[in-house]
Structures are given as structure tokens and as C-alpha cells.
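Participant: Okay, here's the structure, questions in a sec.
FYI, it's all coordinate maths here, none of it is from the lab. Bear in mind that the values here come from a model prediction, so they are computed numbers and not experimental data.
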Amino acid sequence: KKCVTTILSTASRRTPVRIKWTMPKPTVSIHTITTSYGASDIRVFEPSSYDDILGTVVTVHPWSFLGGGEHNTIGLARNMSTRGWRVITFKLKSTPLYLGGAIGGILFRHYHEVNHVAEVVEWAFEQYHTKNDTSDHRMVLLGSSAGAPFAGSAMAKIQQHQHAKIAAFIAVGYTFGHFASLGFGRHFSSVVGNSASNFCGSSSSSADDEEIPPKYFIMGENDEFTSVEQLESMVARMKSVNPNCKVEVDVVPSVGHFQLESPNYDPVVAEKVVQWLQDTIF
């Protein structure tokens, strides 16, 4: 078995495949849940018809210390939920100031952020997996910008210690760059892998392909944090460590990091994600 790696060349200037959907506007509900870090308000975007739900996507917004917030994922949630997916957004709890704030988060591998993501995923799994919207409920983790490294580390934690099963991992603008690695490099092994273990399975793993969550990376060609070459290098490392995993990369031409996470590109990203999920896990 070989790792399947697909890279869409920027030279082709490929545009997203347009998908026509006839589903009505989503319904939005708010749930207040108790986590290890206090109460959290969870917004759930769902197709109006329960029979249309394909699975649940938990989004992780960019790091608040860099200006990110739940608002960065609301537009994406609205767009994806009209295409058949239940999508969850929430305000990520950052490392508190008394533990060092941003610096403490970096030093302690963003322990608070990662655990908060894992607890939200666990809640979503317990909330929805018993309902008969799918025969095998699909849980997907989607992280944006610095939220992607947190989501990747939460993925590893969930796969090893919790009940939820993750069907796919999606990263929009993963911060793989050299400068970004100063703040988020400790999370890379959760996604790239290492010789010991990782959530995608080590090279010696005997797990079936179905047990290995596929990964999808979307980035702008002009990303200010990570170059296309750096992302391709990381993909090559994933391939060498995890020969059974599926990794796909989609580069959006002439777009920067912050453009890609702006509201103008929410429909584009949502369309790409929905199409990839349709092609990959169904």
C-alpha cells in the first residue's frame, strides 16, 4: 500500500468544481456545555432537513492571540451546512495570562487550546453519533491558520484516548513556515508523524486504510506564513512516515494567508472541502 498524495498545481490555475445544491438555509442552535475550562457556547449549523446530514465538522478558528476568533469560521459553517454537513463553531479557550498567556501556550504546547478542542469533539460525538443521520457517523476536524496545529494535536489525543472516531482532518492555511514553527512547531509531529507514533499510523502500522484519517491541506499560493515548497516538503515527510495514509494538497492561485480566511473566500473553501469529503470518505 502506498500513500496517495495529490497536489493541484498552481500553474494550472484550476478553479473549484461548482456544485449545485438545492438545500434550504441552515438552522442554527446554541448549546452551552461545561468543559474543564468553564462554560463554552457551541454554535451548531445544520441543514433544515435532518435526513440530509452527512456528518459533523468541528471547526477550530485561528489563535486569539493573533487576532483570530469564532467569526473566522462562521461564514465557512454557514456555507458547508447548506451543503449537507452539520458544522460546529466555538470560541477557543486560550492559555490564561496567569499561566503565561501566549508565551505560556507556546512553552506548554498549547495544552489548554488542544484539550478544549478535544472536549468539544467528544461532546459532539456523544451528542450526535447515536442519531440515525448516517449508519456510521462521520466526525471531521477542520482547523484554520494557527487553529490547524491545535486541531492536529487534538486529533492525536482523540484517536488515542477518547471515544470519538475521526473520519478526516482538514487544514486551511496550516502554519508550517519557518517563522511560524517557533510558535507552533511542537504540533507538527501530530500531523506529519514521527518514527514512534502519530494519529495517521506509523509506517509499521497494520491498520486498514479505513482506520487512517485522510488529510486535506488548502493554502493560498502567496501564503505569508508557509510557502508551497514548505508544504510540499511536509507532505513528502508524511508520505515517508505513513505509507498508508491519503494526503491531498489544494493550492489556491494568487491568494494570501489572510485572504483565504476572509469572508470573500468562505464559499470557495467550503466548496473545495465539501467536494473533497464527498470524493474521499463516501
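Participant: Which of the residue pairs Lys25/Lys239; Lys157/Lys272; Lys165/Lys239 have a Cα-Cα distance greater than 30 Å in the structure shown? Display every interim value, and only then the final one.
Facilitator: Numbers: Lys25/Lys239 40 Å; Lys157/Lys272 27 Å; Lys165/Lys239 22 Å.
Correct reply: Lys25/Lys239.
Participant: What aspartates and glutamates does Lys215 reach when the alpha-carbon gap must be under 14 Å and sequence neighbours fewer than 8 apart in one chain are set aside?
Facilitator: By straight Cα distance, Lys215 reaches Glu232, Glu248, Asp250, Asp279.
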